[in-house]
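The values are calculated or read from the model by the stated rules, or taken from the named source; none is laboratory data. What you see is a predicted model; the values in this text were computed from it and never measured. Heads up, the Cβs are rebuilt from the backbone with ideal geometry, glycines too, and the neighbour counts pull from every protein chain shown.
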There are 2 protein chains.
Amino acid sequence: MHPEHLASVDIGGTKLSVTVASRAGPLIRFVQATVKTGSPRAIVDQSRQLLVQACAHVGVDAHAIDRIGVSTCGPFIRHEGQLALAPPNLCGGLAHADDLPNDWTSIPFEQGLASHFAQVEIRNDCVAALIAERCFGAAQNEANVAYVTWSTGIGFGLCVDGHILHGKHGNAGHAGHMLLSEISEALCGCGNRGDLEGLVAGRNLGNRLGQPLADIFAAAQSGDAGALRVVEEAARWFGRGLYNLVTTLDLRCLLVGGSVWRHHANLLAPLVEAEIHTRFPALTEGVTLRGAALDDLVADMGALALVMPAEWLADWRVRKPWAGLQSVVLPD
Amino acid sequence: MHPEHLASVDIGGTKLSVTVASRAGPLIRFVQATVKTGSPRAIVDQSRQLLVQACAHVGVDAHAIDRIGVSTCGPFIRHEGQLALAPPNLCGGLAHADDLPNDWTSIPFEQGLASHFAQVEIRNDCVAALIAERCFGAAQNEANVAYVTWSTGIGFGLCVDGHILHGKHGNAGHAGHMLLSEISEALCGCGNRGDLEGLVAGRNLGNRLGQPLADIFAAAQSGDAGALRVVEEAARWFGRGLYNLVTTLDLRCLLVGGSVWRHHANLLAPLVEAEIHTRFPALTEGVTLRGAALDDLVADMGALALVMPAEWLADWRVRKPWAGLQSVVLPD
């Protein structure tokens, strides 16, 4: 029997969103800053509270929803047989980062939801985004494709030969932690120095430069030479990371999303493409770099797709009912 | 109808081998230095000549063999709709390397064999090796596993979620060309500086040091401090490459083969493991590094497996009929 309603949760390093959908399309999306204080279960509780509020907002019985798709920043670990989250962007106990007000080493997410829902599907947020782009977006006919987000962190969803890669614990796509520089001191939340995320992710790069990345990009866009050098160097590292991925997986298409990319693709795309295409033509020829189609909703749509009946999916692909979805932003 | 006999060709940067097999097992293996002069078709001709000679040696009618599995160094390109080889280790026209006496830019291999065999299956040699280790060797129960060769070059075969990765042109696994160093001048045959293969592959490292890598390893094994530093640095780069792969694909097992590894695993393994396991426990915990099981025959066995009936495969797995296979080494 098909469900009346479905729900999704998307857990990011900055924001958490909950979406409620019927067959007709997504009905409402509630967004709030991700809680980073209290017990390791705080994010589970926040997700459930937002779901109750979102359901009340559209007159849906929250207790009747028994399928939930979850997209979340990773990585996953196994904790007492169930999937738990251990993201360095949220768990202050992993790298003892100064800007995280907790000492969590993991978040027992599957355990927290399994008692409330008959079906819980949890994926890394970039895997969810890739699924969304393949179902509804800019990668519908791509068999060898990566989704990449350049945002607070750097993450990947990978598809080779039409198969979405999961790996032993669902952590395939953590290529943001690939080591690129042997001399850089750039620190990543995972403890690495000189990995892709340490070098260019919004949080790390902003921390290192002592000002928000948005300000640096704005200065670069208006021609400031120093800011432009920072952006060019970041684009070069990002391009080297993408080249490494193409050469490892023989991809044809790279779909880039995330706030950094979305706001500055005009500046970044030519620099990143140059870094990919000047190398090893047998592997890089014909590789296309393009923007993701689903913008802010990409992970939510992927999480919904995880628990959606096939005929909803086919119907949504044609009707695009997510356009105009209302997001309600709650105070912290 | 099942074939009476099958054949395989393995094309390496140094040697080419042809194996003839019946249901009972591989019958004979002929080996010769890979030809690197003449027309781009020289290697196709050499393969066919070796097959005729190998068949004659065991009294098999070469013309009755209609299935051939091929394992070869890569990468592949598409040339007039068919798979051609463009390996920087063989094609002197790609990076204009001084030690290659030809100006080939590609080798039309599929075209050269398709008119002689009803079934031609061509895979990268490390993909073939991975298939062999999963069918007959040390990776029979591994769903998330890479085969890595450390030899003349560096190559990978990748399996994620039980699926062998191919990519858009069958070139998945060219992670030897992943960039690791931003400052090294180490030149790879592909033209990159500072990629894994440029940094540590036998041919490149030996060229750079001005003496055969075997001599350096021998000196390191007997305690020479300078040689030991070279080996330690190479092991560190190799380990960083493997770490990058684990973090990208969430692998559980790394199977290493190739002449460099095989002869010096005692020295290399602890150094390589340290480089993997000191990083990001959520991704690296439980990852095992072990030697490949099939040694010199790994690519030949993989190439045979590509065209082998399933019941031969199940039977060979139990009987291991490749043990004691005779190799006839022909003069150049």
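Restricting attention to segment A:206-223, does a residue exist that is part of a helix (DSSP H, G or I) and at the interface with another protein chain (Cβ under 10 Å from one of its Cβ atoms)? Within segment A:206-223 (the criterion being part of a helix (DSSP H, G or I) and at the interface with another protein chain (Cβ under 10 Å from one of its Cβ atoms)), the answer is no, since none of the residues qualifies. Across segment A:276-332, the number of residues qualifying as assigned to a helix (DSSP H, G or I) and more than 22 Å from the chain's Cα centre (by Cα) comes to 13.
Counting only residues that are part of a loop (DSSP other than H, G, I, E, B) and either β-branched (Val, Ile, Thr) or touching a Leu at 6+ places or on another chain (Cβ under 7 Å) (or both), segment B:29-48 holds 4 of them.
Within segment A:242-275, being part of a helix (DSSP H, G or I), within 13 Å of another protein chain (Cβ to nearest Cβ) and either crowded, with 23+ Cβ neighbours inside 10 Å or within 20 Å of the chain's Cα centre (by Cα) (or both) holds for A:242, A:243, A:244, A:245, A:246, A:247, A:248, A:249. Name every residue in segment A:80-109 that is of a type in the set (Phe, Trp, Tyr) and either assigned to a loop (DSSP other than H, G, I, E, B) or touching a Gly at 6+ places or on another chain (Cβ under 6 Å) (or both), in order of residue number. Once the filter is applied, which keeps residues that are of a type in the set (Phe, Trp, Tyr) and either assigned to a loop (DSSP other than H, G, I, E, B) or touching a Gly at 6+ places or on another chain (Cβ under 6 Å) (or both), segment A:80-109 yields only A:104. Pull up segment A:31-44, narrow it to residues that are surrounded by fewer than 15 Cβ atoms within 10 Å (Cβ to Cβ) and in contact (Cβ under 8 Å) with a residue 24 or more places away in the chain, then point me to the one that is farthest from the chain's Cα centre (by Cα). Checked segment A:31-44; the qualifying residue farthest from the chain's Cα centre (by Cα) is A:38.
Does segment A:81-97 hold any residues that are touching a residue at least 24 places away in the same chain (Cβ under 8 Å) and more than 16 Å from residue A:153 (Cβ to Cβ), and which are they? If the condition is that a residue be touching a residue at least 24 places away in the same chain (Cβ under 8 Å) and more than 16 Å from residue A:153 (Cβ to Cβ), then A:82, A:83, A:84 are the ones that fit.
Considering only segment A:276-292, state which residues are within 13 Å of residue A:133 (Cβ to Cβ) and crowded, with 16+ Cβ neighbours inside 10 Å.
Selection gives A:292 alone.
Residue A:120 - would you say it is touching a residue at least 40 places away in the same chain (Cβ under 8 Å) and over 30 Å from residue A:261 (Cα atoms)? So residue A:120 fits the description; yes. A single member of A:282, A:293, A:310 is touching a Pro at 6+ places or on another chain (Cβ under 6 Å) and either within 30 Å of residue A:20 (Cβ to Cβ) or within 14 Å of chain B (Cβ to nearest Cβ) (or both), and it is A:282.
Within the set B:22, B:71, B:47, the sole residue that is under 14 Å from residue B:6 (Cβ atoms), surrounded by 16 or more Cβ atoms within 10 Å (Cβ to Cβ) and not hydrophobic (A, V, I, L, M, F, W, C) turns out to be B:71. Of the strands (runs of 3 or more DSSP E) lying entirely inside segment A:115-191, those containing at least 3 residues that are surrounded by fewer than 24 Cβ atoms within 10 Å (Cβ to Cβ) and more than 14 Å from chain B (Cβ to nearest Cβ) span A:119-124. For segment B:62-105, a residue qualifies if it is more than 12 Å from chain A (Cβ to nearest Cβ) and of a type in the set (Phe, Trp, Tyr), and exactly one does: B:104.
Just one of the listed residues (B:130, B:100) is outside the structural domain of residue B:252 (by TED's automatic domain parsing), closer than 30 Å to residue B:272 by Cβ and more than 17 Å from the chain's Cα centre (by Cα), namely B:100.
Restricting A:100, A:179, A:158 to those that are over 27 Å from residue A:65 (Cβ atoms) and without any contact (Cβ under 8 Å) to a residue 40 or more places away in the chain reduces the list to A:179.
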